[in-house]
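Comments concern the structure below.
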Amino acid sequence: MKMYVKLICFVILLASLSFIAISAQARNTRYFLPIKDVIKMGRANGTLGNDIGLHFGSQSHPPVEARLVTGVVTNKKTNAINSSDRASCKRVMLSALIQLQDRARNEGGNAVINIKSYYRKRTFRSNSQYECHAGDVFSGVALRGDVVRLRY
């Protein structure tokens, strides 16, 4: 009987270890997607405001009147189940941009400049693309930028 219990415990242990190994190899596909598609979608559905400017990479902008907060980071995730990678990436990017705009409003700013992708603290700087990571369950976008008041 003791041998039977040990055998069952051993089988359960092996099954648990194989489940952990499978889970550790989850999909993490990296995409570089156009920013303009997300901005267009956000403005069309009214979730992205026109009152806070969003300037990516080295895009030009009016002179900075006041630098309010540097290095603001957003790290957003969204459910990717029953959704294409690109659709979930657009959805999570929009959420990250909304969060940046909200932060700028709360700080008294009128723009976020120097926005770059900052996934797992690795910088990807572009004027036209953002980095998104898509898996079987979640998609994620992280952004970093500076909240400022621009002189218009």
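The values are calculated or read from the model by the stated rules, or taken from the named source; none is laboratory data. All of these numbers come straight from a predicted model, not from anything done at the bench. As a convention, Cβ positions derive from the backbone with ideal geometry for all residues, glycine included, and neighbour counts pool all protein chains shown. What goes into the accessible areas is simple: the full protein's heavy atoms, side chains included, and nothing from ligands, DNA or RNA. Shrake-Rupley method; radii C 1.70, N 1.55, O 1.52, S 1.80 Å.
Residues are listed down the side, and each one gets a yes or a no for (1) modelled with pLDDT of 95 or more; (2) not hydrophobic (A, V, I, L, M, F, W, C):
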residue	(1), (2)
ALA15	no, no
ALA21	no, no
GLN25	no, yes
ARG30	yes, yes
PRO34	yes, yes
ALA44	yes, no
LEU48	yes, no
ASP51	yes, yes
HIS55	yes, yes
- Task: Give me a count of the residues in the range 127-139 that are farther than 10 Å from ASN28 by Cα and in contact with a Phe, Trp or Tyr (Cβ under 7 Å, 6 or more places away or on another chain).
- Result: 3
- Can you tell me which residues in the range 134-150 are part of a strand (DSSP E or B) and open to solvent by less than 50 Å² (accessible area, probe 1.4 Å)? ALA134, SER139, GLY140, VAL141, ALA142, LEU143, GLY145, ASP146, VAL147, VAL148, LEU150
- Restricting the range 38-49 to residues that are in contact with a helix residue (DSSP H, G or I) (Cβ under 9 Å, 6 or more places away or on another chain) and assigned to a loop (DSSP other than H, G, I, E, B), which is surrounded by the fewest Cβ atoms within 10 Å (Cβ to Cβ)? ASN45
- Query: Do we have any residue at all in the range 76-89 that's of a type in the set (Lys, Arg), over 30 Å from TYR152 (Cα atoms) and at pLDDT below 95?
  - Reply: no
- Query: What's the number of the condition PHE10 fails, among (1) at pLDDT 95 or above; (2) open to solvent by 70 Å² or more (accessible area, probe 1.4 Å); (3) out of contact with any Phe, Trp or Tyr (no Cβ under 7 Å at 6 or more places or on another chain)?
  - Reply: (1)
- Task: Looking at (1) open to solvent by 70 Å² or more (accessible area, probe 1.4 Å); (2) touching a Ser or Thr at 6+ places or on another chain (Cβ under 7 Å), find the lone condition where GLY57 falls short.
- Result: (1)
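Conditions tested, residue by residue: (1) touching a residue at least 24 places away in the same chain (Cβ under 8 Å); (2) in a loop (DSSP other than H, G, I, E, B); (3) surrounded by 13 or more Cβ atoms within 10 Å (Cβ to Cβ).
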| residue | (1), (2), (3) |
| --- | --- |
| ASP51 | yes, yes, no |
| PRO62 | yes, yes, yes |
| LYS77 | yes, no, yes |
| ARG91 | yes, no, yes |
| ALA96 | yes, no, yes |
| ASN114 | yes, no, yes |
| CYS132 | yes, no, yes |
